[in-house]
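J.: Here it is: the structure, laid out below.
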Amino acid sequence: MNLDLTNRTALVCGASQGLGLATATELALMGANVIAVSRNEDKLRAAISSFDISKEQKHELLVMDLSNPDEVKQTVSSFLEKGNIIHILINNAGGPPSAPMIDTDVAEIEKAFRMHVVSSHLLAQLIFPGMKAAGFGRIVNITSASVKQPINGLGISNLVRAAVANWAKTLANEISHYGITVNNVLPGFTKTERLDYLFSKQAAAQGLDKATVFERMAASVPAGRLGEAVEFGAVVAFLCSPAAAYINGINLTVDGGRTGSL
């Protein structure tokens, strides 16, 4: 099986922690040069220093805020103008605030669309010419299991994740004949800072301790446990490999079997 990503460059959004960091780490292990992206330069430097680096690899960082599309366009354009080519794009951004849809402020919806939809589209447009010229490209969007089954209390997330999924399917139909695949990976309950935030909020609302909520949620998963970030990162990294060249336009759920739909 060909999993080698030597001489390929991957831009990984949200690479300073959680699922983004796990994905970036796996891509580096497969030989890719990783361009780590987030708003926090210190965390990015720490992330890059944790990667296993061979003599052939060069890892870099780009500091930018995905909720500011103009900043995204300027930062990535400047990087590409230096002659760099990005072969792999991992679209990944922090989850929006949790709240019922009816209570959600319009400004929060607009911010989430800029972060998750508009910036993903801009990045794909900027990077596409290089992928096309190379005859190789991978675009993977880290979304949510809510694409298949909306999650109560996560109104904005349900909305924007579905938008990203449909954008990606449309893109897959349009550009895959250039050797570029576009896929979505949908995490379930995976042990990250985001999950800790959601479960802590739920525990407070129900007057429970956090450990009890974690136990209940783990019990709701057929696999009987919460996922590890490294397990999720490995799935995303596989989709970026040469071996996954004929997997295109799908929503791949990585949730231990919890989602109730196919």
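The values are calculated or read from the model by the stated rules, or taken from the named source; none is laboratory data. No experiment lies behind these values; they were computed from the predicted model shown. Cβ sites come from the backbone with ideal geometry, for glycine too, and all protein chains shown count toward neighbours.
J.: Considering every residue within region 30-38, establish whether at least one is more than 24 Å from T143 (Cβ to Cβ) and either buried (at least 23 other Cβ atoms within 10 Å of the Cβ) or in contact (Cβ under 8 Å) with a residue 40 or more places away in the chain (or both).
T.: Within region 30-38 (the criterion being more than 24 Å from T143 (Cβ to Cβ) and either buried (at least 23 other Cβ atoms within 10 Å of the Cβ) or in contact (Cβ under 8 Å) with a residue 40 or more places away in the chain (or both)), the answer is yes, since at least one residue qualifies.
For every residue, the table says whether it meets (1) part of a helix (DSSP H, G or I); (2) closer than 24 Å to P97 by Cβ; (3) without any contact (Cβ under 8 Å) to a residue 24 or more places away in the chain.
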position: V164; (1), (2), (3): yes, yes, no
position: K169; (1), (2), (3): yes, no, no
position: F199; (1), (2), (3): yes, yes, yes
position: V221; (1), (2), (3): no, no, no
position: F238; (1), (2), (3): yes, no, no
position: T253; (1), (2), (3): no, yes, no
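J.: Restricted to region 221-249, and to residues that are of a type in the set (G, A, S) and within 17 Å of the chain's Cα centre (by Cα), which residue is farthest from H87 (Cα to Cα)?
T.: G227
J.: Continuing with the same structure: Does E215 satisfy being in a helix (DSSP H, G or I) and under 30 Å from G135 (Cα atoms)?
T.: no
J.: Cβ-Cβ under 8 Å, sequence separation 6+ or interchain: first residue in region 142-154 and within 17 Å of I109 (Cα to Cα), partner in a loop (DSSP other than H, G, I, E, B) and of a type in the set (S, T, Y). Which pairs?
T.: From region 142-154, the pairs are I151/S144; G153/S98; L154/S98; L154/S144.
Yes or no, residue by residue, for (1) touching a residue at least 12 places away in the same chain (Cβ under 8 Å); (2) under 15 Å from A124 (Cα atoms); (3) of a type in the set (K, R); (4) touching an Asp or Glu at 6+ places or on another chain (Cβ under 9 Å):
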residue: D65; (1), (2), (3), (4): yes, no, no, yes
residue: D70; (1), (2), (3), (4): no, yes, no, no
residue: T75; (1), (2), (3), (4): yes, yes, no, no
residue: E81; (1), (2), (3), (4): no, no, no, no
residue: I86; (1), (2), (3), (4): yes, yes, no, no
residue: N92; (1), (2), (3), (4): yes, yes, no, no
residue: S98; (1), (2), (3), (4): yes, no, no, no
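J.: Which condition number in (1) of a type outside the set (D, E, K, R); (2) touching a helix residue (DSSP H, G or I) at 6+ places or on another chain (Cβ under 6 Å); (3) outside any helix (DSSP H, G or I) is the one that Q57 fails?
T.: (2)
J.: Then there is this: Report yes if some residue within region 185-193 is touching a residue at least 12 places away in the same chain (Cβ under 8 Å), over 17 Å from S98 (Cα atoms) and part of a helix (DSSP H, G or I); otherwise report no.
T.: Among the residues of region 185-193, not one is touching a residue at least 12 places away in the same chain (Cβ under 8 Å), over 17 Å from S98 (Cα atoms) and part of a helix (DSSP H, G or I), which makes the answer no.
J.: Only one of these conditions is not met by N33: (1) touching a helix residue (DSSP H, G or I) at 6+ places or on another chain (Cβ under 6 Å); (2) over 27 Å from L198 (Cα atoms); (3) of a type in the set (S, T, N, Q). Which number is it?
T.: (1)
Here's the yes/no breakdown for (1) within 16 Å of I247 (Cβ to Cβ); (2) out of contact with any strand residue (DSSP E or B) (no Cβ under 7 Å at 6 or more places or on another chain):
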| residue | (1), (2) |
| --- | --- |
| G135 | no, yes |
| I139 | yes, no |
| K148 | no, no |
| L159 | no, yes |
| G179 | yes, no |
| F189 | no, no |
| R194 | no, yes |
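J.: Of the residues that sit in region 71-108 and are acidic (D, E) and surrounded by 11 or more Cβ atoms within 10 Å (Cβ to Cβ), which one is farthest from R161 (Cα to Cα)?
T.: E71
J.: Moving to a separate point now. Determine if region 251-259 includes at least one residue that is more than 15 Å from the chain's Cα centre (by Cα), at pLDDT 95 or above and exposed (fewer than 14 other Cβ atoms within 10 Å of the Cβ).
T.: Yes; the residues of region 251-259 include at least one that is more than 15 Å from the chain's Cα centre (by Cα), at pLDDT 95 or above and exposed (fewer than 14 other Cβ atoms within 10 Å of the Cβ).
J.: Can you pull out the residues in region 79-122 that are in a loop (DSSP other than H, G, I, E, B) and small (G, A, S)?
T.: Of the residues in region 79-122, the ones in a loop (DSSP other than H, G, I, E, B) are 81-87, 92-98, 100, 104-105.
Passing the criteria: G83, A93, G94, G95, S98.
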